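What follows is one structure encoded as structure tokens, with my remarks underneath.
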Number of protein chains: 2
Amino acid sequence: MSIQKDVSIGVDLGGTKILTALINQNGDIIGRAEMETKPMEGETAVFRRILHSIKKVLIETSIQKARLRGIGVASAGIIDSNEKTVLEAGNLGWKNVPIGKLLEDHLSIPVALSNDANAAAVGEWLWGSGKGHNHLIYITVSTGVGSGIISNGKLVNGVDDSAGEFGHISIDYNGQRCSCGNRGCLENLISGTAIANAAKYRLSQGEESHYLRGINQTKITAKEVGEAALAGDSFSREILKEAGFFLGVGVTNLIHLFNPEVIVFGGSVMNVSELILPQVMQTVRERGIKSLTKTIKMEKSNLGGDAGVMGAAGLLLLQDPRVKISV
Amino acid sequence: MSIQKDVSIGVDLGGTKILTALINQNGDIIGRAEMETKPMEGETAVFRRILHSIKKVLIETSIQKARLRGIGVASAGIIDSNEKTVLEAGNLGWKNVPIGKLLEDHLSIPVALSNDANAAAVGEWLWGSGKGHNHLIYITVSTGVGSGIISNGKLVNGVDDSAGEFGHISIDYNGQRCSCGNRGCLENLISGTAIANAAKYRLSQGEESHYLRGINQTKITAKEVGEAALAGDSFSREILKEAGFFLGVGVTNLIHLFNPEVIVFGGSVMNVSELILPQVMQTVRERGIKSLTKTIKMEKSNLGGDAGVMGAAGLLLLQDPRVKISV
């Protein structure tokens, strides 16, 4: 009798940490490991740490390797999921690293690779805020802005696996030049970096914030703005409200193009979602085509920081035609 | 021995005319019929004319009904393709007309219904400018602006079959209010209506056009602007160039979200595509993310006015899992 392959491992490979988790088909995390990435030590060192983290969760959960359906890896950057290769990842300093193939060869087990926003979309779709909805968009607002898009239960990944660049949608054709070459990109209006820049700029123009004035202005980040806003700082609340408005304009564009059932919001900026999402919803209601917006659900990610690692593990389920996914 | 089902009929149902064509699996049009829609005579009259046009092409081509795989209908408006119902179509004055079901019941043959932009995308994908490309976007610029999006060889249709509202993407969050409720929509910047309005506005502001000054200003349409531009009118060329710029900003957004291989441009405004597409391409090259734009193909529809009717017939091929589509 063959052993049932009923668990998967997800690896969320970030510039700072490697988060690894062993997950069953219900999306329960059976075991997890977290270690520093230390990308400056080179690709081989990072590869060894990924292997180590995989062995660690197997040992700690006492689960035999034979029960593993496979390993899914989520990475930032530009990914070729067919070649299981990280084409370019700034946070790792990687170019053309076939990390998926290396793992597959070394462990003799199926490996899937996807970008982190796509993986998080899969996680939220299978087990999170988007469960039960085959038309779903996951938006992450953090240092940068990205998205993962599921249409009819399939990832919209594009011909080069580079779809979902929501951060580089222009909503202001004559706006500020973005590093990508475009103008008026959402990333320059709503990212954590943009929120911090807006606060610094307004303070430099003489606006007042009782909460932020004690902080060295060069050290203000979106985290400080969020904390000040939660503490009642009207200056900071105004900045988050403006970010919510711009995000709402971008979300309206997504709704008009994809006609989704649900939009899930994640990323560190969504730690203060209660100060941003109401403005997003108001903007969508004011600007969207009624037949498309009247039933739209907009929700904060309920998997939070685990969306990527869970979705990475979920990639294996998607690829297996024998698995009936009960979303 | 059963008769091979090797042909399909497409019906392109517009507010002015009903275009019907019988098509084989290679996309050859074997026979066609065109008649006026006359929607003011009511739904039943239009339904009878569709039936009549179907019988006409069968008789004229001497093809037995038994060889028909089915009938595909493309209609403007909001469509429920599962229920085979036109939910709302302003050009027909229809609300909740189950035209696909009516045809299916009457003819005892499979019927598919789709909106016209989605059908045109399928046509261009199977047999037109997008042949061989499984990641394709079809954009139509006419009185209005719409799109049909194919990702991984599947239509991105959304939960209510209402995806692809490219005309209502905002590229100017503070721009002019659109009838849809949004601001800065592409439809207000690049449609035939917008082109005519831009010409009228500029003339009213005292700008000079030698070619257009003989025409009653209230009667200027995009057709006149295009003809003047083709004849060398710099005023009209400037207006088309500006439309090309705005279209380029919108297309850059689409490329960043969908990472397509090819974008196909159709609709009456593309009759002067040589005066618009170069500006679209320049804008995409200037503003797009290089890794996404370096291999993008942008082409004028080579099916032209037949894209919708051919794609409608193609809907039947897509739905039949026995048919291997050799794109």
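Place the label 7 angstrom along Cα→C-beta at B:Thr295 and in each other copy, then list the distances from the first to the rest in nm, shortest first.
Copy-to-copy label distances at B:Thr295, shortest first: 3.8 nm.
Please report, in whole Å, how far the alpha carbons of segment B:1-159 spread along each principal axis, starting with the longest.
If we take the Cα atoms of segment B:1-159, the spans are 39, 37, 26 Å.
Per-residue ellipticity at 222 nm for the protein assembly as shown, helices alone: DSSP H runs ≥ 4 residues times -39500 (n - 2.57), over residue total, nearest 500 deg cm²/dmol?
Computed mean residue ellipticity for the protein assembly as shown: -11500 deg cm²/dmol.
How large are Rg and Dmax for segment B:75-232 when only the alpha carbon atoms are used, in Å?
Gyration radius and largest Cα-Cα distance of segment B:75-232: 19.0, 61 Å.
Can you compute the FRET efficiency between A:Asn26 and A:Phe47 using 1/(1 + (r/R0)^6), with r the Cβ-Cβ distance and R0 = 22 Å? Round to the nearest 0.05. It would help to have the intermediate numbers written out before the result.
Values: r = 30 Å, r/R0 = 1.37.
Computed FRET efficiency for A:Asn26 and A:Phe47: 0.15.
Expressed in whole Å with the largest first, what are the equivalent ellipsoid semi-axes of segment A:238-312 derived from the C-alpha gyration tensor as the square root of 5 times each eigenvalue? Don't skip to the answer; put the middle values down first.
Details: eigenvalues 88, 55, 16 Å².
Equivalent ellipsoid semi-axes, largest first: 21, 17, 9 Å.
Sorted from shortest, what are the nm distances separating the label point of A:Asn216 from equivalent points in the other copies, each placed 7 Å from Cα along Cα to C-beta?
For A:Asn216, the inter-copy label distances come out at 7.3 nm.
Whole angstrom only: what separates the Cα centroid of segment A:73-114 from the Cα centroid of segment B:188-258?
Segment A:73-114 and segment B:188-258 have Cα centres separated by 47 Å.
Across peptide B:6-16, how many C-beta atoms of other chains are within 10 Å of each residue C-beta, on average?
What the average comes to for B:6-16 is 0.
Using the beta-carbon distance between B:Lys290 and A:His210 and R0 = 56 Å, what value does 1/(1 + (r/R0)^6) give for FRET efficiency, to the nearest 0.05?
0.80
Using a 1.4 Å probe over the heavy atoms of the protein chains, calculate the carbon and sulfur portion of the accessible area of the protein assembly as shown as a whole percent.
48
For chain B, how big is the tail of P(r) above 30 Å, as a whole percent of Cα pairs?
37
If we hang a label 7 Å off Cα along the beta carbon direction at B:Glu36, how far is it from the matching labels on the other copies, in nm, shortest first?
8.1
If the reach is capped at under 17 angstrom between alpha carbons, list the aspartates and glutamates near A:Lys223, excluding any in the same chain fewer than eight residues apart.
A:Lys223 reaches A:Glu187, A:Asp233, A:Glu238, A:Glu242, A:Glu274.
Taking just the C-alpha trace of segment A:209-256, give me its Rg and Dmax in Å.
According to the Cα coordinates of segment A:209-256, Rg and Dmax are 13.2, 43 Å.
Can you tell me the 0 to 90 degree angle between the C-alpha axis of helix A:234-258 and the longest principal axis of chain A, rounded to 10?
Approximately 60 degrees, to the nearest 10.
About the Cα centre of segment A:1-116, how large is the charge dipole given +1 on each Lys and Arg Cβ and -1 on each Asp and Glu Cβ? Please answer in debye to the nearest 20.
Dipole about the Cα centre, nearest 20: 340 debye.
What accessible surface, in Å², does a 1.4 Å probe find on A:Thr143, ignoring ligands, DNA and RNA and rounding to the nearest 10?
Accessible area, nearest 10 Å²: 100 Å².
Please provide three numbers in whole Å: the alpha-carbon extents of the protein assembly as shown along the principal axes, with the largest listed first.
Projected onto its principal axes, the Cα set of the protein assembly as shown covers 74, 74, 39 Å.
Considering all projection directions equally, how large on average is the shadow of the alpha-carbon convex hull of segment A:1-65, in square nanometres?
4.8
Give the value in nm², to one decimal: projected area of the alpha carbon convex hull of segment B:176-283, averaged over all directions. Don't jump to the answer; show the numbers that get you there.
Numbers: hull surface 29.3 nm².
The number I arrive at for segment B:176-283 is 7.3 nm².
What is the antiparallel percent of DSSP beta bridges lying wholly in chain B, to the nearest 5? Intermediate values should be presented prior to the final figure.
Working: 30 of 51 bridges.
Restricted to chain B, the bridges split so that about 60 percent are antiparallel.
Helix A:116-127 against the longest principal axis of chain A: what's the angle in degrees, Cα atoms only, rounded to the nearest 10?
80
How about segment A:44-137: which GluC sites (Glu not before Pro) there are in a DSSP loop, with at most 13 other Cβ atoms within 10 Å of their Cβ?
Sparse-neighbourhood loop GluC sites (Glu not before Pro): none present.
The values are calculated or read from the model by the stated rules, or taken from the named source; none is laboratory data. Quantities reported herein were computed from a predicted structural model and do not represent experimental measurements. Neighbour counts run over all protein chains shown; Cβ positions are idealised from the backbone, glycine included. For the accessible areas, the whole protein counts, side chains as well, though only heavy atoms, and no ligand, DNA or RNA atoms are used. Shrake-Rupley method; radii C 1.70, N 1.55, O 1.52, S 1.80 Å.
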